[in-house]
Amino acid sequence: MLGPVLLAAARSDSIRRAVSAAPVTRPVVDRFIAGERLDQAMAAVRSLTARGLEVTLDHLGEDVTDRTEALRARDAYLALAGALREAGLGARVEMSVKLSAFGQALPGGDDLAYANVLPVVEAAAEVGTTVTLDMEDHTTADSTLAVLARLRERFPATGAVLQSCLHRTEDDCRELAGEGSRVRLVKGAYREPAAVARQDKHEVDRAYVRCLRILMAGKGYPMVASHDPRMVAVAQELARRAGRKPDEYEFQMLYGIRTAEQERLAAAGHRMRVYVPYGTDWYGYFMRRLAERPANLAFFLRSLATR
Ligand code: FDA
């Protein structure tokens, strides 16, 4: 019941201001966010890669309301590409971007987001890595997949995220299961209406497995992004049946969630990538993590109560 309330709060500016200003928020936020600055993110990257994990970095930001902010998002990623080049980490660290941070919702949004994200994809290629386009709520899906298709004309390894909660996603998986395609499969973190999305968690899980079947049987590169032990086990079995070698798919989990399992999978010879968010605009991301798990909210509320 609390999940939808928290997801609605994730979009509220007044709640954003109150939560962001509360001093107790910080320790809870730190569990999920590597830091507000690039050097803190790079320190997290070094620590994770030293433990055999791969990384995808997300400079936090979404829903920009003007072109200047969109250019700032682009520049933050260009600075990140520069830091990866300097650290010689391009082969192990990719980048995740939200097109709403690049101007997708502004007038002429598809073209604007494409124009702003293209230099980032070019910079990533120069340092030997790739970019994956995060998927936001369902209203952005067509636009995001259209920008993806344009980017893939020059950079075919640009990745997509597909959400098993949406009714459309099995078709999208078929569409994107071809040679060279990289698809990160998630369950979906946004509050979506019944007209477009499954509302029952078990239905979402079952759809996740059906999508995994399509991706594993296809010719692309599946990125299994879930902390759910059942999904991890099913993915391993489907990969085995499809004859995929360990470097022909990967697991992905979020920074700060099931870290022991992340290390266990990497130690067992799997490619395990950690999604590492950093930056000052952490509110929306943080609220989605609270919404996913009541225990996170309880932890947050306890920290308020014990002050
Ligand atoms: P599920 O929610 O069933 O959780 C399984 C278990 O994992 C839980 O029982 C718990 O142990 C643990 N767990 C899950 N979430 C937790 C949390 N917040 N805190 C603590 N423990 C938790 N979504 C989206 O809509 N667009 C996107 O672009 C992305 N990108 C993305 C990248 C990566 C690498 C990951 C791992 C996830 C995303 N997501 C996403 C989020 C995704 O849609 C989903 O909301 C979460 O991954 C939670 O779903 P699970 O598959 O983990 O299963």
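A short reminder: the numbers here are calculations on the coordinates, not readings from a lab. Please read all numbers here as calculations on a predicted model, not as lab measurements. Reconstructed Cβ throughout: ideal geometry from the backbone, glycine too, with neighbour counts over all protein chains shown.
Results, tabulated for the structure shown:
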read-out: Fully extended contour minus Cα-Cα distance, from E126 to E175, at 0.36 nm per residue; value: 14.9 nm
read-out: Label-point separation, E86 to K219 (7 Å along Cα→Cβ), nm; value: 4.2 nm
read-out: Options V120, Q262, A189, ranked by Cα towards positive dipole end of the stretch 34-281, top entry (Cβ charges); value: Q262
read-out: Kirkwood Rh (inverse of mean 1/r, distinct Cα pairs), the stretch 34-281, angstrom; value: 18.1 Å
read-out: Cα coordinate range in the stretch 57-173, projected on the principal axes (Å, largest first); value: 42, 31, 24
read-out: Spatial separation of Cα centroids for the stretch 91-138 and the stretch 194-228, in angstrom; value: 23 Å
read-out: T280 paired with D200, simple spin-label distance in nm, labels 7 Å along Cα-to-beta-carbon; value: 4.6 nm
read-out: Over the stretch 223-301: Kirkwood hydrodynamic radius from C-alpha pairwise inverse distances, Å; value: 14.0 Å
read-out: GluC sites (Glu not before Pro) restricted to DSSP loop in the stretch 11-107 with at most 16 other C-beta within 10 Å; value: E36
read-out: For the stretch 76-184: relative contact order, % (alpha-carbon pairs under 8 angstrom, 6 or more apart); value: 23 percent
read-out: Mean-position separation - Cα centroids, the stretch 232-307 and the stretch 54-81, in angstrom; value: 22 Å
read-out: Simple Cβ-charge dipole of the chain, Lys/Arg +1 and Asp/Glu -1, about Cα centre, in debye nearest 20; value: 1020 debye
read-out: Normalised contact order of the chain, rounded percent, pairs of Cα under 8 Å and 6 or more residues apart; value: 24 percent
